[in-house]
Structures are given as structure tokens and as C-alpha cells.
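Every number in this text was worked out from the coordinates using simple rules, so none of it is lab data. Every value quoted in this text rests on a predicted model; they were computed, and no experiment measured them. Because the Cβ atoms are built from the backbone with ideal geometry, glycine has one as well, and the counts that use them run over all protein chains shown.
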Amino acid sequence: MTEPLCRITDLSVRYRHNTALTHVSLDLIGGERLAIVGESGSGKSTFARALAGLLPDNAVRDGDIQWSSERAPRPGRDIGFVFQDSSASLNPVLRIGEQVAEGAKRHLGMSWKAAYAHAEMLLDHVRIPNPSAVMRAYPRQLSGGQRQRVAIAAAIASRPSILIADEATSALDTVVQAEITALLDRLVSEAAMTLIFVTHDIALASNLADRIAVLKDGRLVEIGPVSDILADPKSDDTRNLLAGHFDLTSAPLIGGQRR
Ligand SMILES: Nc1ncnc2c1ncn2[C@@H]1O[C@H](COP(=O)(O)OP(=O)(O)OP(=O)(O)O)[C@@H](O)[C@H]1O
Ligand SMILES: [Mg+2]
């Protein structure tokens, strides 16, 4: 077997009053799409943040996160992060163009002029209509779905090799959610990024991911290929998620396997 991109061993994270992750071990495979699934409070965001090196100051981490590369990938540079709510990742008082260009300028060493051109190209790439006008707009002037497209454009502006999307579609209605999921699907394929897709919705996860990891109360209760998890879930917690979220009457959002 090839060496994993990242080996996580006995990862535990606690905050002052509670434990968010307990002895989580898993290998992240380069180029895969791994969904982190679980109910609210199961530790998904804590896991995503720990992996990205973005834990808040009040978190205490134990265990090991070993990257195969010589240095750990840098958040904002090698790891793009998309948050649930675009208002958490976009600055309300900065124009869109500036925010998307910032990552390219800082991390790719582009001049402002080149970074702006790169940003406008990215807005087009995430299918924002009329990108040159949107470059001059403020976040509040856009719809929720458009803001999330902008947040994704900003996350990939530095051409990261890893993209972490933490409930990036949860705040959106189902139609827009499907569009943004399809967008992530396309971008990740095109740039051959490794995707960590955090969601409470196991149906959504199964449409986008290669493997699913199920968290419950901070513990990893199951991990495996989507087909195995759907056909033969090993854990009651996985079965509960499947029963709660899998709408068997609906067609796949983006349909079948991508690769
Ligand atoms: N910054 C923080 N300070 C203190 N406790 C926190 C912090 N962030 C998370 N927690 C606690 O850690 C546990 C796991 O939270 P986490 O946000 O990782 O779960 P989650 O699965 O992402 O939940 P959700 O689906 O609601 O986003 C919860 O008990 C939560 O209250
Ligand atoms: Mg969360």
C-alpha cells in the first residue's frame, strides 16, 4: 500500500470543560475524498481544525498528526478551508475582489494586479455570473449561495493541495446545496485536491466522498469506502445516521462515481 498523505494516531482534543475528540486514528490518503460524518457535537469541526492546524487557543491536543511531506501543510496556503457560513470566512467590509485576491498575493507572491486578475478568473471558475462586477461588490450584496462560491474561490486562491469544507453547504437550501456540492466535486477533480468534507448529512457525504468516517461523541466509530458503509454499516451509530438522513426516494445529487 502507498504511504498515506497523513497518519493520525490517537488524536484527542479537549477544551476547558469537555472532551471533543478521543483517540481518533486514521490515515488520510492523498487525492481521496474523505467525508467526516456525525451528529452535532460529535467532534467533526474539531477534527477538521486539528488537521488544518487551526484549533483555537483553548484546545489541548494529544496524539500525533504525521504528514508524509517534510513540513506540515500550511493552512491558507496548502490547505484551503471553507466554513459552514460564508459570513464566518468573508469580511463584511472588504470588497470581494480584495478578499479573493489576498490569498493569491500573499501565498503565490503575485502583485496586486496579477492577484486581481487571478481572483476574477477564479470567480468565473466557480461560476459567479459577471465576475468583474462582483469583484467590486461587498459580501452582503450577494446571495448566500454566491457568497459560498466566493468563499470557495478564496479558499482555492493559493492553489492548495488539500481542501477542507466544514459544513460548507449546510446553511443553504437544497437546490443551492446541490449546486455547491457539484462545484466542489468539479474543482477537486480538476485540481486533483484531497478533500475533507465535513457534514452531518451522510446522504450528501455518500454522493461526494470515496470514504466516510463516522464520529460519535468524539470517537471514530467506523471508517470505510462509501459503498461498504451504505451496504453494510458496522456500527449502530452509522445505521442511525443512515436512517435519519438517507432519503431513498431522491436521486443522487451529482450522480454516480466521478472517476
Ligand atoms: N472553541 C470551543 N470551545 C469549547 N468547546 C468547544 C469549542 N468548539 C467545540 N467545542 C465542544 O467540543 C465538542 C465537539 O464540537 P465540534 O464543534 O467539534 O462538533 P461538530 O461535530 O462539528 O458539531 P456541529 O455539527 O454542531 O458543527 C462539543 O461538545 C462542543 O461544544
Ligand atoms: Mg461543526
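Ignoring everything except DSSP H segments at least 4 long, calculate the 222 nm mean residue ellipticity for the chain; use -39,500 (n - 2.57) per segment, divide by total residues, nearest 500.
-11000 deg cm²/dmol
Would you grab the residues whose amide H sits under 5 Å from the one on ILE164? Only those 5+ places off in sequence or on another chain, please, with H modelled 1.01 Å from N.
Distant-sequence amide H within range of ILE164: GLY80, PHE81, VAL82, ILE196.
Roughly what % antiparallel, to the nearest 5, for the DSSP beta bridges in the chain? Before the final figure, lay out the partial values.
On the way: 19 of 38 bridges.
Around 50 percent of the beta bridges assigned by DSSP in the chain are antiparallel ones.
In whole percent, what relative contact order does the chain give with Cα contacts below 8 Å and a gap of six or more residues?
25
Could you line up HIS118, HIS17 from fewest to most neighbouring Cβ atoms inside 10 Å?
Lowest to highest Cβ neighbour count: HIS17, HIS118.
Just flag the chymotrypsin sites (Phe, Trp or Tyr not before Pro) in region 1-73 sitting in loop per DSSP whose Cβ has no more than 15 other Cβ atoms within 10 Å. Spell out each step's value before the answer.
Numbers: sites: TYR15, PHE47, TRP67; in loops: TYR15.
Qualifying residues, ordered by number: TYR15.
Where in the chain are the helices, taken as whole DSSP H runs, whose Cα atoms extend 20 angstrom or more along the long axis and whose Kyte-Doolittle mean reaches at least 0.5? Write down the numbers at each step before the final one.
Details: long enough: 174-190 (24 Å, 0.67).
Within the chain the helices that satisfy the rule are 174-190.
Could you give me D for the chain, from Stokes-Einstein at 37 °C and 0.692 mPa s, where the hydrodynamic radius is the Kirkwood radius over C-alpha pairs? Units µm² s⁻¹, please.
Diffusion coefficient, whole number: 175 µm²/s.
Counting each pair of different Cα atoms once, what's the Kirkwood radius of region 133-184 in Å, rounded to one decimal?
Kirkwood radius, region 133-184: 11.8 Å.
How long are the semi-axes of the ellipsoid equivalent to region 99-179, from square roots of 5 times the Cα gyration tensor eigenvalues, in whole Å, largest first?
22, 15, 9
Please order LYS44, LYS105, LYS113 by the number of other Cβ within 10 Å, starting at the fewest.
Least to most surrounded, the residues fall as LYS113, LYS105, LYS44.
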